[in-house]
Every structure is written in structure tokens, then in C-alpha cells.
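Participant: The structure's right below; bear with me while I get my questions together.
The values are calculated or read from the model by the stated rules, or taken from the named source; none is laboratory data. Just so it is clear, the structure is predicted and the values come from calculations on it, not from any experiment. Cβ coordinates were reconstructed from backbone atoms using ideal geometry, including for glycine residues, and neighbour counts include every protein chain displayed. Note: accessible area is taken over every heavy atom of the protein model, side chains too, but ligands, DNA and RNA are not part of it. Shrake-Rupley method; radii C 1.70, N 1.55, O 1.52, S 1.80 Å.
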Amino acid sequence: MSFMQKPKVSHSQRLHNELGLSLRDYEGSMSTLCAGCGHDSITAAIIQAFWELNIEPHKVAKMSGIGCSSKTPAYFLSQAHGINAVHGRMPSIATGANAADRNLYYIGVSGDGDSLSIGLGQFIHALRRNLNMLYIIENNGVYGLTKGQFSASADVGSKAKKGEVNLQPPIDPAIAALTLGGSFVARSFSGDKAQLVPLIKAGIMHNGFAMLDVLSPCVTFNDHEDSTKSYAHTRQFYHPAVHADFIPSKQPIRAAYDNGDAMPVELHDGSTVVLRKVSKDYNPTDRAQAYSYLHAHQKRGEIVTGLLYIDEAQREMHELSNTVGQALRDLPYSELCPGSAALEELQSQYC
Amino acid sequence: MPETRTRNLRRSGVQPESMQTRINDFVIKIANVNGTGSASANGLLMKAIFRMGIPVVGKNFFPSNIQGLPTWFEIRVSREGYMARSGRVDIMVAMNAQTYAQDLADVSPGGYLLYDSTWPRDKQLVRDDITVIGIPLSQMVNTHFENVRARILMKNVCYVGALAALLDIDMQVITQLLKETFGNKEKLIAGNLKSIELGYNYAKEHCKCPLPLKLERMQATADHIMVDGNTMAGLGCVYAGATVGAWYPITPSTSLMDAFKDFCERYRVDKQSGKHRYCIVQAEDELSAIGMVLGAAWNGARAFTPTSGPGISLMNEFIGFAYYAEIPAVLFDVQRVGPSTGMPTRTQQSDLLFCAYASHGDTRHVLLFPADPGECFQFAVQAFDLAEQLQTPVFVMSDLDIGMNDWMVPKLKWDQNYIPDRGKVYSREQLESMQVFRRYIDNDSDGICYRTYPGVSAKGSYFTRGSGHNRFGGYTEDAAEYQDVLDRLRRKHDTAKQLVPAPVLRIKKGVKTAIVSLGSCDGAVLEALDVLAREGTEVNYLRVRAFPFNRQVEEFLDGHEHIFVVEQNRDAQLKSLLLLETRVEKRKLTSILHYGGMPIDSRCITEGISKALAKGAAA
Ligand SMILES: Cc1ncc(C[n+]2csc(CCOP(=O)(O)OP(=O)(O)O)c2C)c(N)n1
Ligand code: SF4
Ligand SMILES: [Mg+2]
């Protein structure tokens with residue numbers, strides 16, 4: 001990694017959203033990631049999405065674990081409270097924060113190591129609770145911050161920069177999320193902002209746990225020819241499919257890319273990865289179909305992207321636990337303390 | 001061995017104790033099999049004694065098992081009001097054939113053993129220094145009850161009936177208690193009463209009732225309650241205004257969250273909408289549980305987690321995070337026997353050092369040491385105030401003995417004027433009117449900075465991190481900036497000394513020998529002090545109630561020459577903490593340690609002190 005001074009992720013500053021805020025108002029401090037790191041592009045997409053959604057920045061709580069990816073909440077929404085937890089444990093922080101105040105927007109940023117290796121347990125339990133948040137996994141197949149070891153999302157046969165070949169099967173967060181009852185399962189690519197921004201917006205607006213797996217190449221440790229995240233490998237198994245991006249009608253999101261064809265994407269070192277949108281007859285509300293579709297294509301090494309599955313009716317954590325609508329943190333103490341008479345009465349039971 | 005003791009007694013011409021009448025001062029121990037429902041029978045017996053106005057305490061010794069292993073319940077009746085174990089067994093109710101030999105041996109000379117005479121006893125096992133009473137419990141119960149489960153349960157109720165006759169328990173009190181327990185379930189009341197009667201009548205007919213050990217009404221339990229510490233801690237969380245509880249089940253802390261949930265269902269459900277003014281999350285593990293507490297507290301809610309040693313072990317990384325990022329948290333460590341899984345259903349005070357400095361790096365925490373269920377309530381409330389005042393994790397160091405056994409404590413009072421101290425938090429108005437907000441600036445020179453809640457104002461935003469940060473909350477790897485924050489955290493911990501509960505002192509001027517102890521040792525220490533005083537040895541006493549130690553602790557240590565540190569662990573952890581954190585000289589401190597897993601008794605203390613003092617005199 002380099003710590004060179006670099007300009008902030010820059011945007012047009014003239015445009016204002018409905019709140020009168022410019023994109024700059026949604027930015028954070030300067031990124032310290034490697035130039036060209038996929039994570040920085042996701043940061044830019046997050047900024048764009050919140051700006052387009054006209055959300056007041058301070059009504060957002062942003063959180064992360066540890067890793068290059070987990071550093072990024074510092075790089076967007078500087079007017080929002082942020083918390084950088086310990087490695088792999090952001091989901092529990094998010095659960096508690098959401099328990100205390102269900103009325104903020106929650107966005108968690110994690111890495112494939114953070115979520116699928118050390119933090120797999122917390123990740124799937126937050127998903128199982130259907131915690132109302134957008135959960136982004138910035139997936140590069142390696143541990144960037146500790147210099148390129150394989151993560152649990154590395155594909156079989158993928159070669160590390162130093163030559164080691166991964167032999168263990170990967171954990172695919174989208175397949176895991178589908179299998180474990182996730183209510184919103186999406187995948188995208190850091191280089192496809194047109195697809196990514198609407199997915200982030202849909203994820204923020206989804207009522208429940210929105211799992212968004214974003215392929216985000218690590219230019220320093222996993223962007224070479226023999227990496228299965230490379231264009232060459234993906235294209236060999238590439239099988240075109242038809243349109244299937246799903247955006248709930250009530251959400252102010254417009255489809256931003258051409259439906260159908262696979263999208264060849266050039267990576268930093270000049271190689272290319274093929275991402276594909278899902279097919280036209282694909283039904284993103286049918287879990288079994290989504291699963292078998294993904295499974296079938298994954299077996300061929302293909303990367304299926306888009307909003308793969310959504311169930312807006314699934315109840316989120318507070319609906320399941322029947323909590324009051326107001327933030328628990330804001331309840332007046334008089335509504336929480338039973339008082340002296342109740343204590344006196346209660347104790348007759350212990351006499 | 002009991003045999004030897006008896007022989008000595010006889011030789012010295014002392015009358016067997018059974019000849020003497022002992023009123024309201026003896027121990028009943030009931031040996032049973034886990035899973036046979038003896039708990040309610042034993043509870044009934046104890047409550048009846050309590051209702052007769054006689055001080056009483058019960059200790060449950062249960063296995064880490066659901067069914068089949070041996071279990072004991074020990075009831076100490078003490079007109080003096082001593083709450084610790086006495087080390088004696090005056091009446092053994094031997095209901096478990098498996099442990100019969102051991103139970104027989106455990107009876108103090110002159111004592112009694114009651115057994116189910118439906119089946120013959122092992123002829124090899126006899127003692128001529130105790131009185132054995134046979135009652136055909138199963139036989140009587142089986143002729144009256146068809147159902148197998150009922151037969152098992154009622155056998156237990158039947159021995160309560162026999163004891164009622166032998167000890168002179170007021171039958172009206174028992175009848176009343178059964179009515180209160182079973183409400184309008186007439187059939188259950190009738191069945192229980194029948195079993196009581198069977199035992200009662202048999203004893204009346206066949207034994208000389210009452211025994212020389214017997215009960216007489218007193219007025220010593222008015223304004224007292226019989227309750228366990230976990231229930232009171234759970235209640236304390238409700239009164240403190242805690243809204244978020246996260247946990248993972250572990251003995252002996254589980255009943256704390258059960259209690260919190262029960263009380264919330266009673267007091268925190270909106271009458272109209274049925275909605276909850278609380279959120280309890282059963283986490284996937286303790287690591288998540290503490291994460292949830294920190295997320296909630298970071299977001300401004302009062303949040304807590306109950307656990308035991310193994311849970312704290314898992315939470316360590318997050319505890320350091322909370323310390324460094326300055327997030328309030330309340331942790332209840334209901335301590336059990338370690339290391340590792342240890343003995344989950346036995347008690348110890350062995351997490352002191354571990355919790356005082358939990359997590360890697362330079363960390364130091366605030367610990368509270370409740371001594372009984374009353375203090376569990378009080379300290380639960382105070383723990384939330386402290387955690388928010390100091391913006392740091394606070395550990396309430398209970399233990400299995402306090403948490404799960406029923407103790408007799410003075411009735412709780414609630415101060416209607418109490419307002420939670422939420423610590424230094426800037427409001428929206430304050431934020432809007434200030435130039436700029438900086439998270440870690442020590443405005444008041446007490447080491448405590450101002451914080452803000454998320455979502456309140458764009459001006460209050462800051463980034464909470466466990467990585468190196470400076471006083472502005474920014475990331476840093478600069479030595480001076482890092483040290484600046486770390487040194488302030490040390491000052492903050494010193495500020496805690498003025499906020500934590502003061503020690504409890506019992507001092508006589510001029511006495512230079514003292515005991516320092518904590519938590520559930522209190523009952524045994526208080527009794528030991530009386531015994532020693534009767535023998536002519538005056539000893540002063542300080543019970544620490546919190547870490548960091550305040551000035552009173554320092555001064556007490558300064559003012560005494562020979563100090564016995566009484567605690568329930570192998571490694572003298574309280575002593576070590578005193579040596580590390582006060583100016584006391586090592587030569588002044590002598591340890592009295594008890595760590596087998598059973599609650600400490602006074603004898604261990606009196607013997608320890610007498611021996612040490614005799615050795616000192618001889619030297
Ligand atoms: C308990 C713990 N173990 C190990 C580490 C070291 N560590 C820091 S980041 C990281 C891996 C991050 O990988 P990933 O989540 O994929 O993030 P990336 O850097 O690839 O974006 C590891 C192992 C740590 N911080 N904490
Ligand atoms: S993930 Fe890779 S490219 Fe991105 S900052 Fe880390 S090491 Fe650099
Ligand atoms: Mg990674």
C-alpha cells in the first residue's frame with residue numbers, strides 16, 4: 001500500500017440534490033488506499049447513492065470491521081457517525097446500534113476476509129436476524145491489509161501473486177445469503193458504477209438485511225493473470241444471459257446500464273474480467289431458482305451480478321421482536337423505570 | 001473423620017450434642033438426585049422457616065447435568081442471622097442411595113439422619129454417634145399417587161412434612177405457602193398437602209417430636225426478602241433504564257437475563273400497542289453479545305450483557321476496544337470455577353485480575369463487587385451510571401453463590417428522585433451553538449471527554465476507532481499524539497476512584513489486625529469476626545466494593561499491621577491487586593484462600609487466622 005497524498009474522490013460540485021447538498025457534502029476524508037484499488041470506486045458509488053437518495057448525511061450510521069475495505073467508511077459521509085470495530089465483528093456492532101435506534105440508515109462495509117473468514121459467524125447471524133442495514137462486502141479474494149493471503153472467497157485453482165494455488169472451495173456470500181434466508185442478495189462490480197449505484201440505493205432502502213457482494217480487485221495483490229478474478233479465466237467460462245436487474249418500484253432508482261449482455265471490464269493491469277447481468281426470465285423473488293441459477297453458473301466459473309433475490313415482506317429484527325417505533329435510546333426514563341411503588345409491590349413475592 | 005471426633009468427645013466427657021436443645025441454630029442438608037423436582041420442596045421448607053421470622057439461608061449444590069447426578073441443598077437456620085455456611089450438618093435428609101455413604105459421614109456428631117425406610121439401608125454403614133430416623137416415604141406416597149412423576153415429586157414433599165413434625169414447623173405457614181404457590185390449582189394443593197400430612201403424621205407417631213433441634217418463632221425476618229442475586233441484578237437493569245440486553249446462555253448467569261426479560265414483560269410492554277420498550281438479543285456467542293452492547297451504547301442506549309468467565313474470555317478483544325474507543329458497557333460476570341470450563345455449577349472469585357486488566361495493551365477497568373442480592377440490585381443501577389459517566393466498560397463481579405442462591409436481605413427501597421447520570425453528552429442545541437466538536441478533548445481535566453450520539457446533529461459526527469487516534473479523534477501513528485490519549489485514559493481511571501462505591505468498614509480504634517475481603521465472602525467474614533472476638537481476638541474488617549481502590553482502602557491498609565486477605569481463588573488475586581495498585585507492603589498481607597468451589601465458611605477464616613497468629617506469637 002502507498003500512503004502518498006492523493007486528491008479526494010472528486011465529483012462535480014455544482015450539482016445539488018433536493019436537500020440542497022452537493023456531492024462534496026457526502027464525501028469523507030482522503031483515501032489512503034492504493035491508487036486504483038477497487039474499494040475507492042465503491043466509496044464513490046456510495047457517495048453518489050446517498051446523494052441521489054437525498055438522505056441527510058447525519059442520519060446515517062456507517063460501520064466496518066478491519067481491513068483495507070473496512071477503512072473506507074472514513075472516506076465517505078464525514079457528517080455521519082462512524083465506527084470502525086474489530087476484525088470481523090462489525091455485524092454485532094450494527095445489531096446493537098440498530099437495536100438502540102431503528103430510525104437511522106445503517107451501512108456496513110466489510111471485506112471478504114472480514115466477513116467470510118474471521119467474521120463468518122457474525123455475518124450470517126446478522127443476515128439471519130434480518131437486521132435492517134446495507135451490508136457491503138468489498139470482495140477481492142485476498143486479505144489486502146495483511147498483504148495478499150488467500151481469503152475464504154478465493155476460487156479453487158486461483159494463484160496467489162507469489163505462486164501458491166488455492167485448493168479449498170470458496171465461500172460465495174451470495175449463495176450463502178440465499179441458502180441462509182437472506183432477504184436481499186445482490187452482486188456487483190466496483191468498475192460498474194452504473195449497476196452499483198442503483199444496487200446500493202436499493203440496499204439502503206430495503207427493509208431488512210441487504211447483502212451486496214461487490215467484486216473489488218486488489219490491484220496490489222490479486223490482479224494478475226492466474227487469479228480467477230481475472231478476465232481471462234472468467235471469459236473462458238462465460239455464458240451470456242438476459243436482463244434481470246430488479247429494483248422495487250417504490251424506490252427512486254433508474255436502471256443505469258444496458259440489459260442483457262455480459263460486460264467485459266478491464267482491470268488495472270490491463271487484464272479483463274467478465275461480469276454478467278442475469279437473464280430476462282430470471283425471477284428474483286424465487287429463492288430456489290436464484291440459488292440453482294447461481295450454482296449452475298458458478299460451477300462454470302461465471303460471475304452472476306445484479307439484484308439476485310429480494311423478499312421485501314420478510315420481517316426485520318425489530319418487527320420480529322415487536323419493539324416500539326421510537327428509538328429505544330430516546331424513550332424518557334419515566335417510561336422505563338417502574339418506580340418505588342412497583343418495587344414495594346413486587347417484593348411481597350419474595351417474602 | 002466423624003468417628004474420631006466422636007471418640008474424642010466421649011473421652012473428654014462432653015455430652016453428645018444431641019442431648020442439648022438447640023433452637024433456631026442448625027443446618028439441614030438434603031441429598032437428592034438431580035431432576036427429581038426437589039427444588040420446590042426445599043424452597044417450601046426454607047420459605048416456611050423464613051415466614052416463621054427466623055433467619056435462614058439456602059445453598060444449592062447442583063451438578064452440571066440435567067438429570068441423574070447427585071445434588072444437595074443446604075439450609076442454615078441461624079438466629080444470629082449468619083448467612084455463610086457453618087461447616088456443620090445437623091440433619092441430613094439422605095434421599096440419594098448413590099451418595100449415602102458420603103452423606104452419612106457428613107453428619108456432625110450428635111446429629112440426625114433421615115432416610116427413606118421403604119428400602120433397607122446398607123448394613124455396613126452405621127454410626128453410633130448420630131440418630132438415624134427411617135420414614136417409609138416411597139411406600140406412603142406410592143399408595144396415594146398413581147402417576148410416576150407425581151410419586152417422585154411427592155416423595156420430596158413428604159420429607160418436608162416429616163421435618164415439619166420433627167422441627168416444629170408451623171403447619172399453617174406451610175398450607176398458606178402452598179396456596180400462594182399453586183393459586184387456584186386445587187388439585188395440586190390437595191396433593192401436596194396430602195404428602196405433607198403423610199410425612200408429618202408418620203413422624204408424629206413414630207418419633208419423639210420435636211427433636212432437641214427445633215424452630216421457634218422469631219421476628220427477625222420482617223422487612224426482609226429471600227431472593228437470588230441474578231434476579232435482583234436483572235431487576236436493577238430495568239430500574240437503571242437499560243433498554244438493550246445481549247447475551248449467550250451460560251451457567252451461572254443465565255437466570256439474570258431470564259429475570260430481565262420477565263421484568264420487562266411486566267413493566268416495559270406498552271399497554272395499548274403491546275410493543276416492547278426494550279430489545280433483548282440472544283447472540284450467537286459472547287463475542288457478538290458484547291459487540292451488540294457496544295453498538296447500542298455507542299448509539300446512546302443503556303446496554304448490558306450477563307455472562308461468566310468463559311464468556312469474558314471470548315469478549316476480550318472488544319473489551320479493549322471499548323476501553324480505548326471509550327464506549328460505555330455493563331458486564332455482569334457471574335463467576336464460576338475455572339480455568340477453562342472448570343466446574344460450571346460451583347462458585348469462585350477467580351476472574352478478578354483477568355477482568356481488572358482484560359484485553360491486550362495497557363487497559364484497566366472498573367469493577368464492582370456486590371456481596372449479596374441487595375447489592376446486585378444497587379450495583380446494577382450504579383454500574384450504568386459509572387459506565388456512562390466514565391465512558392468505559394464496568395464489570396459487576398457477582399458469583400454463582402450470590403447469583404443463584406436465595407439470600408435473606410433487607411427489602412429494597414427505591415429513591416423516586418433518582419435520575420440516571422448519562423455522563424457528558426452534548427445535546428443538539430449545544431452542538432449547533434459551538435464552533436467545532438472534538439471527541440477526545442479533556443475540557444474538565446478529569447480525563448473524561450464529551451461525546452455525542454449518532455443522528456443528532458451533523459456537527460456532532462466523529463469516527464470511533466480502536467486504531468491509534470489523537471485527541472481530535474483522527475487516526476494517528478504519532479508517538480506523542482498517541483501517548484496524549486493513553487495518559488488521559490489513565491487519569492480517567494483515577495477519576496473513577498471518586499465515583500465508585502466506598503468500602504464497608506468495621507473498625508475498632510487501636511486494633512492492628514484486620515481482614516480485607518470482598519463479595520460473597522462477607523457472611524463468613526462477619527461470622528468469623530464474632531467467633532474471634534469471643535475468643536478474645538479483635539480483628540478489624542474492610543470489604544472492598546470496587547476497583548480502582550480509593551483513599552479509604554489505602555488508609556485502612558496503612559493503619560493495620562497484619563492484614564488477612566480473604567478470597568475465593570487459588571492465586572490470591574485480590575491480594576495481588578492490592579499489591580499492584582496500592583502502596584501496601586507485601587509483608588503485611590497474609591492470604592486466606594478457599595477455592596474448592598463450595599461457598600466459603602467462617603471456620604476456614606477463623607482457623608486460618610488463629611493458626612497464623614499462633615505462629616506469629618511463637619516466632
Ligand atoms: C483479530 C485480528 N486478527 C488479524 C488481524 C489482521 N488483519 C487485519 S485486516 C486482515 C484481513 C482483511 O482482509 P479483508 O477483510 O478481505 O479486507 P481487504 O484488506 O482485502 O479489503 C487481517 C487478517 C486483525 N486486525 N485482527
Ligand atoms: S485492497 Fe489491495 S489494492 Fe486495495 S488498498 Fe488494500 S492492498 Fe491496496
Ligand atoms: Mg479482501
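Participant: Would you confirm whether or not region A:88-102 contains a residue that is surrounded by fewer than 24 Cβ atoms within 10 Å (Cβ to Cβ), away from ligand 1 (no atom under 16 Å from the Cβ) and within 20 Å of residue A:208 (Cα to Cα)?
Facilitator: Yes - at least one qualifying residue is present in region A:88-102.
Participant: Something else about it: Working only within region A:27-67, note down all residues that are away from chain B (no Cβ under 14 Å), in a loop (DSSP other than H, G, I, E, B) and either within 16 Å of ligand 1 (Cβ to nearest atom) or open to solvent by 30 Å² or more (accessible area, probe 1.4 Å) (or both).
Facilitator: A:34, A:35, A:36, A:37, A:54
Participant: (1) assigned to a strand (DSSP E or B); (2) at pLDDT 50 or above; (3) of a type outside the set (S, T, N, Q); (4) surrounded by fewer than 21 Cβ atoms within 10 Å (Cβ to Cβ): which one isn't true of residue A:264, the others all being true?
Facilitator: Of (1) assigned to a strand (DSSP E or B); (2) at pLDDT 50 or above; (3) of a type outside the set (S, T, N, Q); (4) surrounded by fewer than 21 Cβ atoms within 10 Å (Cβ to Cβ), only one is false for residue A:264: (2).
Participant: Could you grab the pairs with beta carbons closer than 6 Å, sequence gap of 6+ or different chains, first residue in region A:207-222 and more than 16 Å from ligand 2 (Cβ to nearest atom), second one acidic (Asp, Glu)?
Facilitator: That search, which allows pairs on different chains as well, returns A:207/A:316; A:208/A:316.
Participant: Tell me which of these residue A:291 doesn't satisfy, since it passes every other one: (1) in a helix (DSSP H, G or I); (2) hydroxyl-bearing (Ser, Thr, Tyr); (3) modelled with pLDDT under 90.
Facilitator: (3)
Participant: Another question, then. What residue, among those in region B:261-279 that are open to solvent by less than 40 Å² (accessible area, probe 1.4 Å) and assigned to a helix (DSSP H, G or I), is farthest from the other protein chains (Cβ to nearest Cβ)?
Facilitator: The extreme case among them is B:264.
Participant: Tell me whether region B:340-362 contains one or more residues that are facing chain A (nearest Cβ under 8 Å), in contact with a Ser or Thr (Cβ under 8 Å, 6 or more places away or on another chain) and free of Cβ contacts under 8 Å to residues at least 12 places away in the same chain.
Facilitator: No, because not a single residue in region B:340-362 is facing chain A (nearest Cβ under 8 Å), in contact with a Ser or Thr (Cβ under 8 Å, 6 or more places away or on another chain) and free of Cβ contacts under 8 Å to residues at least 12 places away in the same chain.
Participant: Counting only residues that are within 14 Å of chain B (Cβ to nearest Cβ), open to solvent by 40 Å² or more (accessible area, probe 1.4 Å) and of a type in the set (A, V, I, L, M), which one in region A:293-351 is farthest from residue B:415 (Cα to Cα)?
Facilitator: Result: A:320.
Participant: Can you go through A:110, A:78 and tell me which one is at pLDDT 95 or above and either surrounded by 24 or more Cβ atoms within 10 Å (Cβ to Cβ) or more than 10 Å from chain B (Cβ to nearest Cβ) (or both)?
Facilitator: When all the criteria are applied, what remains is A:110.
Participant: Further question: I'd like to verify a number: residues in region A:140-183 that are within 16 Å of ligand 2 (Cβ to nearest atom), open to solvent by 20 Å² or more (accessible area, probe 1.4 Å) and of a type in the set (Ser, Thr, Tyr), how many?
Facilitator: Summing the residues that are within 16 Å of ligand 2 (Cβ to nearest atom), open to solvent by 20 Å² or more (accessible area, probe 1.4 Å) and of a type in the set (Ser, Thr, Tyr) in region A:140-183 gives 2.
Participant: Ok, one more. Do we have any residue at all in region B:531-540 that's open to solvent by 10 Å² or more (accessible area, probe 1.4 Å) and of a type in the set (Gly, Ala, Ser)?
Facilitator: Yes - at least one qualifying residue is present in region B:531-540.
Participant: Where in region B:455-548 are the strands (runs of 3 or more DSSP E), entirely inside, with at least 2 residues that are of a type in the set (A, V, I, L, M, F, W, C)?
Facilitator: B:504-506, B:513-518, B:540-544
Participant: Now for a separate question. Determine, yes or no, whether residue A:143 is within 14 Å of chain B (Cβ to nearest Cβ) and on the phi < 0 side of the Ramachandran plot.
Facilitator: no
Participant: Filter region B:376-431 down to the residues that are within 13 Å of another protein chain (Cβ to nearest Cβ), open to solvent by 40 Å² or more (accessible area, probe 1.4 Å) and among the aliphatic types (A, V, I, L, M) and list them by number.
Facilitator: The answer is B:419, and nothing else.
Participant: Being within 22 Å of residue B:387 (Cβ to Cβ), open to solvent by less than 30 Å² (accessible area, probe 1.4 Å), within 12 Å of another protein chain (Cβ to nearest Cβ) and not hydrophobic (A, V, I, L, M, F, W, C) is the filter here; which residues of region B:432-464 pass it?
Facilitator: Once the filter is applied, which keeps residues that are within 22 Å of residue B:387 (Cβ to Cβ), open to solvent by less than 30 Å² (accessible area, probe 1.4 Å), within 12 Å of another protein chain (Cβ to nearest Cβ) and not hydrophobic (A, V, I, L, M, F, W, C), region B:432-464 yields B:439, B:451, B:452, B:454, B:455, B:460, B:462, B:464.
Participant: Another one. Tell me which residues, restricted to region B:172-206, are open to solvent by 30 Å² or more (accessible area, probe 1.4 Å) and in contact with a helix residue (DSSP H, G or I) (Cβ under 7 Å, 6 or more places away or on another chain).
Facilitator: Passing the criteria: B:175, B:179, B:182, B:188, B:193, B:194, B:197, B:200, B:202, B:204.
Participant: Now a separate question. One residue is enough: does region B:200-220 have a residue meeting the conditions within 20 Å of residue A:91 (Cα to Cα) and within 14 Å of chain A (Cβ to nearest Cβ)?
Facilitator: No - not one qualifying residue is present in region B:200-220.
Participant: Does residue A:70 satisfy being in a helix (DSSP H, G or I), within 16 Å of ligand 2 (Cβ to nearest atom) and buried (at least 24 other Cβ atoms within 10 Å of the Cβ)?
Facilitator: yes
Participant: Within 14 Å of chain B (Cβ to nearest Cβ), open to solvent by 10 Å² or more (accessible area, probe 1.4 Å), in contact with a Gly (Cβ under 7 Å, 6 or more places away or on another chain) and within 16 Å of ligand 1 (Cβ to nearest atom): is that true of residue A:124 in this structure?
Facilitator: When the stated conditions are applied, residue A:124 does not pass them.
Participant: Sticking with this one: Of all residues being open to solvent by 10 Å² or more (accessible area, probe 1.4 Å) and in a helix (DSSP H, G or I) in region B:280-308, which is nearest to the other protein chains (Cβ to nearest Cβ)? Just the residue, please.
Facilitator: This residue is B:287.
Participant: Shifting gears a bit: Six or more apart or on different chains, Cβ under 6 Å: which pairs go from a residue in region B:502-513 that's open to solvent by 40 Å² or more (accessible area, probe 1.4 Å) to one that's among the aromatic types (Phe, Trp, Tyr)? Could you list them?
Facilitator: Going by the 6 Å Cβ cut-off, the qualifying pairs are B:506/B:541.
Participant: What pairs come up if the first residue lies in region A:101-130 and is more than 12 Å from residue A:90 (Cβ to Cβ), the second is within 14 Å of ligand 3 (Cβ to nearest atom) and aromatic (Phe, Trp, Tyr), and their beta carbons are under 9 Å apart, counting only those six or more places apart or on different chains?
Facilitator: A:112/A:143; A:113/A:143; A:116/A:123; A:117/A:143
Participant: Kindly provide the set of residues from region B:549-573 that are part of a helix (DSSP H, G or I) and either touching a helix residue (DSSP H, G or I) at 6+ places or on another chain (Cβ under 6 Å) or surrounded by fewer than 19 Cβ atoms within 10 Å (Cβ to Cβ) (or both), ordered by number.
Facilitator: B:551, B:552, B:554, B:555, B:558, B:573
Participant: Would you mention how many residues in region B:35-74 are closer than 22 Å to residue B:343 by Cβ and not acidic (Asp, Glu)?
Facilitator: 22
Participant: Let me ask something else about it. Tally time: how many residues in region B:235-253 are outside any strand (DSSP E or B), open to solvent by less than 40 Å² (accessible area, probe 1.4 Å) and in contact (Cβ under 8 Å) with a residue 40 or more places away in the chain?
Facilitator: Looking only at that region, the number is 11.
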